[in-house]
1. Nearest-5 percent of antiparallel DSSP beta bridges in the range 103-152?
2. Quick one: of the DSSP bridges fully inside the range 129-255, what percent are antiparallel, nearest 5?
3. Please work out the Cα center distance from the range 203-249 to the range 123-158, rounded to the nearest Å.
4. As I understand it, the dipole of the range 1-79 uses +1 on the Cβ of Lys and Arg and -1 on the Cβ of Asp and Glu, about the Cα centre. Which of 8, 40, 28 lies farthest toward its positive end?
5. Amide H neighbours of residue 164 under 5 Å, counting only residues 5+ apart in sequence or on other chains, H built in-plane at 1.01 Å?
6. Per-residue ellipticity at 222 nm for the chain, helices alone: DSSP H runs ≥ 4 residues times -39500 (n - 2.57), over residue total, nearest 500 deg cm²/dmol?
7. How big is the Kirkwood radius of the range 111-251, worked out from every pair of different alpha carbons and given in Å to one decimal?
8. Let me know the number of lysine pairs in the range 7-95 closer than 19 Å at the Cα, not counting same-chain pairs under 8 apart.
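What follows draws every value from the coordinates through simple rules; no lab data is involved. Keep in mind the model is a prediction, meaning the values are calculated, not measured. Cβ atoms come from the backbone with ideal geometry, glycine included; neighbour counts cover every protein chain shown.
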Amino acid sequence: MVAVAFPWSLFSEENDPKIYAYRVGILGRALAIYRVEEVLLYGDGIGSRRNAERLKKLLEYLECPQYLRKRVFRLDRDLRYAGVMPPLRAPHHKRNPPREGEVREGYVVRRSKEGCLVDVGAEELAVSYERMKPRQRVTVRVVSEDPLVVEPAEPEDYWGFEVRIVDSLDDVLEEFGKGTVIASRYGEDVREVEFGEPPECLVFGSGRAGVLEIKPGLEEEFLTVNFIPGQGVEVVRTEEAVHATLAVLNYLGLL
């Protein structure tokens with residue numbers, strides 16, 4: 001599974017908050033389609049941490065199963081247009097009532113004499129005999145339907161992505177080292193690249209600045225690839241570049 005990194009300035013040129021949310025939604029779907037598990041938002045000296053926090057909130061809202069959103073998120077101005085984001089419908093976004101043996105996301109509402117009570121998207125709260133910290137998301141398996149009992153479990157499929165904010169691109173490069181691949185129109189034609197090992201982290205720029213503008217000279221140290229050679233438009237939007245890049249790597253069996 002690959003991680004993906006974006007600058008704090010991502011979508012900051014977008015003045016319409018409704019379109020901003022929609023673009024975040026399109027990006028989030030691209031990440032889920034290709035099974036990205038981790039998203040890093042890095043400081044680029046252009047965008048603000050406030051924009052990064054808004055991005056993180058919208059991406060996390062999209063990733064959260066719909067039946068848990070009222071538990072996890074409070075009323076928030078940043079989420080007022082979250083409804084325009086297209087549904088994710090990843091494997092953990094269950095739309096059916098809980099079934100015995102099924103693994104699904106839950107939210108620990110409170111502790112009880114037996115252990116704790118967990119919201120798993122049913123009309124009633126499920127009982128867990130394991131003590132878990134209240135007010136947090138958990139992954140559980142349905143042990144029985146009547147009564148509704150769950151236990152902690154590990155995901156059995158792709159289970160969405162987590163989002164982290166880091167201070168700078170250097171933090172990303174230090175964490176992933178030579179497993180980093182820079183996506184840039186000034187990079188090597190993807191048709192001529194021998195990847196060797198699958199990338200560990202893909203780094204993208206934004207509409208405000210490409211990666212090599214944010215930190216010049218990276219192409220001398222890190223594999224820098226043009227995943228859309230011969231592009232027919234002046235600027236490829238980040239959400240479009242993510243789709244194209246991940247589609248190519250998926251085709252090559254590198255995801």
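1. So the antiparallel bridges amount to about 90 percent of the total.
2. Looking only at bridges with both residues in the range 129-255, the antiparallel portion is about 40 percent.
3. So the two Cα centres are separated by 41 Å.
4. The Cα lying farthest towards the positive end belongs to 28.
5. Placed amide hydrogens put 39, 40, 41 under 5 Å from residue 164.
6. Taking each H run of at least 4 residues, the total per residue is -7000 deg cm²/dmol.
7. It is 18.7 Å.
8. The number of close lysine pairs in the range 7-95 is 5.
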